[in-house]
Amino acid sequence: MPQIYVDADACPVKPEILKVAERHDLDVTFVANSGLRPSRDPKVKNVIVSNGFDAADDWIAERAGEGDIVITADVPLAGRCVAAGAMVTGPTGRVFDQANIGMATAMRDLGAHLRETGESKGYNAAFSARDRSQFLETLDRLCRRTKK
C-alpha cells in the first residue's frame with residue numbers, strides 16, 4: 001500500500017497533507033528530529049529520529065520506494081527518493097522527478113556556492129497562499145497516480 005512520507009521539520013503544509021491523505025485513504029508518516037503534535041488518526045504516524053545530521057532524511061530514504069509519495073524541500077533527499085522510485089514534491093508543489101532532479105541538484109549547489117562566496121544573501125521567498133494552493137493540487141494529483 002502506497003504511503004506518504006513527510007520530512008516534517010519546518011514543513012508548512014502539514015494540515016494540507018492530512019486533508020488530502022484522508023480524502024485518498026493513504027497512510028502518512030511524519031518524520032522529524034523534534035516533537036510533533038500527536039494525532040488520534042490511526043493512519044497518521046509520527047517518527048522522531050535522533051538529532052544526527054540527516055537522520056530524518058536517512059530514515060525516509062531507507063523506506064520510500066515505488067508508488068510512495070515523499071514531501072520535502074530538501075533536494076538531496078528528493079534525489080535519493082526519486083532514485084528509489086518514489087514520487088516527490090516540495091511544499092510549494094514543485095515536483096522532483098528523473099527529468100529535473102539533476103538540474104535541481106545543480107541549482108542547489110550553485111546557490112550554496114554563491115552564498116559561501118558572498119555573491120548572494122540566500123534569502124528565500126516567503127511561503128504564499130499561491131504556494132499552498134499549488135501544493136494541494138500537486139499532492140492530490142500524485143495521490144490519484146498512486147491508485148492507478
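Quick notes on this structure:
- Put simply, of A73, A125 the only residue that is in contact with a strand residue (DSSP E or B) (Cβ under 9 Å, 6 or more places away or on another chain), open to solvent by 70 Å² or more (accessible area, probe 1.4 Å), in a loop (DSSP other than H, G, I, E, B) and not basic (K, R) is A73.
- Within region 26-37, the set of residues being free of Cβ contacts under 8 Å to residues at least 24 places away in the same chain and among the hydrophobic types (A, V, I, L, M, F, W, C) is empty.
- Region 4-20, subset free of Cβ contacts under 8 Å to residues at least 60 places away in the same chain and closer than 22 Å to A84 by Cβ, residue least open to solvent (accessible area, probe 1.4 Å): A8
- Condition broken by P91, with the remaining ones in (1) in a loop (DSSP other than H, G, I, E, B); (2) closer than 25 Å to D131 by Cα; (3) without any contact (Cβ under 8 Å) to a residue 24 or more places away in the chain satisfied: (3)
- Tally of residues being touching an Asp or Glu at 6+ places or on another chain (Cβ under 7 Å) and assigned to a loop (DSSP other than H, G, I, E, B) across region 12-33: 1
- Sole residue being free of Cβ contacts under 8 Å to residues at least 24 places away in the same chain, basic (K, R) and open to solvent by 20 Å² or more (accessible area, probe 1.4 Å), chosen from R40, R63, R23: R40
- Residues being under 11 Å from D9 (Cα atoms) and basic (K, R) - total across region 42-63: 0
- A55 being surrounded by fewer than 16 Cβ atoms within 10 Å (Cβ to Cβ), more than 25 Å from D140 (Cα to Cα), modelled with pLDDT of 85 or more and not polar (S, T, N, Q): yes
- Filtering region 44-64 to residues that are assigned to a helix (DSSP H, G or I) and basic (K, R) leaves only R63.
- Among the candidates A83, A21, A73, the residue that is hydrophobic (A, V, I, L, M, F, W, C) and more than 21 Å from R132 (Cα to Cα) is uniquely A83.
- Some residue of region 105-112 being touching a residue at least 40 places away in the same chain (Cβ under 8 Å), farther than 20 Å from A64 by Cα and outside any strand (DSSP E or B): no
The values are calculated or read from the model by the stated rules, or taken from the named source; none is laboratory data. Here the structure is a predicted model, which is why all the values come from computation and not from measurement. Neighbour counts are summed over all protein chains in view; Cβ atoms, including those assigned to glycine, are modelled from backbone coordinates with ideal geometry. Surface accessibility is based on the protein's heavy atoms, side chains included, excluding ligands, DNA and RNA. Shrake-Rupley method; radii C 1.70, N 1.55, O 1.52, S 1.80 Å.
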